[in-house]
Amino acid sequence: MARKKTQTDVDIAAHLLAVLAEHGEKGLTFGILSQRCGLAPATLAQRFGSVEGMVRRAILCEWERLSVAVTELEAEALISSKGTQALLKNLPLPSPHVLALSLREPELRAAAEVWREQVETALAARRGGGSRGRDAAAMIFAAWQGRCFWDAAGGKGFRLSDLLKALP
């Protein structure tokens, strides 16, 4: 009979992403993650097979968490330009590590693409739908992502609300 898991994959994913942010990908080992989450390195190895398997599972968990956040926020945001701003203001972003690691593997890239499409669909609905709404949503998404990452790096750019006003 299998033992009950004391920590879910989602719990471990949160620890793994914190280790990635602090130590980078090269600093991620079963031993370091073991210290963070309290599970034995052998338990982690048995559960995930390899560090790469553990990272893959954590990234998939993160994309799922981000997707759920879009669904929840979309239900609350008005179908209007103010709703567009509210949606973008409250959406959590994937970390640069999650994005970089997701580009390496088709399964992770597909999960990232699903999330991007989900966000763009929510934005398009708030921009009137149709092809113009989809085009505006793609531009808004790209500007939002760029703005958020450059802000995190200490840069200051345009206000997203100014872009939303300028778009048809």
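Just for the range 130-150: of the residues that are of a type outside the set (D, E, K, R) and farther than 18 Å from residue 115 by Cβ, which one is surrounded by the fewest Cβ atoms within 10 Å (Cβ to Cβ)? Step by step, filter the range 130-150, then rank; the result is 131.
Out of the range 26-50, which residues are of a type in the set (S, T, N, Q) and surrounded by 14 or more Cβ atoms within 10 Å (Cβ to Cβ)?
29, 34, 43
For the range 71-82, the criterion of being open to solvent by less than 40 Å² (accessible area, probe 1.4 Å), closer than 14 Å to residue 145 by Cβ and not polar (S, T, N, Q) is satisfied by no residue at all.
Of all residue pairs spaced 6 or more apart or on separate chains, those with beta-carbon atoms under 9 Å, a first member in the range 15-40 that is at positive phi and a second member that is open to solvent by less than 50 Å² (accessible area, probe 1.4 Å) are 38/7.
Answer yes if at least one residue in the range 56-69 is charged (D, E, K, R) and exposed (fewer than 14 other Cβ atoms within 10 Å of the Cβ), and no otherwise. The answer is no; no qualifying residue exists. Going by what's in this entry, would residue 64 be described as charged (D, E, K, R) and at pLDDT 90 or above? In short, yes.
For the range 118-143, name all the residues that are among the small types (Gly, Ala, Ser) and touching a residue at least 24 places away in the same chain (Cβ under 8 Å). Give the steps one after another, and end with the answer.
Residues of the range 118-143 among the small types (Gly, Ala, Ser): 122, 124-125, 128-131, 133, 136-138, 142-143.
Correct list: 122, 125, 136.
Do we find that residue 51 is touching a Phe, Trp or Tyr at 6+ places or on another chain (Cβ under 8 Å), among the aliphatic types (A, V, I, L, M) and over 30 Å from residue 124 (Cβ atoms) in this structure? Answer is yes for this residue.
The values are calculated or read from the model by the stated rules, or taken from the named source; none is laboratory data. Model, not experiment: these values are computed from the prediction. Virtual Cβ from ideal backbone geometry, glycine too; neighbours counted across all protein chains shown. Accessible surface is based on the protein model in full, side chains and every heavy atom, while ligands, DNA and RNA are left aside. Shrake-Rupley method; radii C 1.70, N 1.55, O 1.52, S 1.80 Å.
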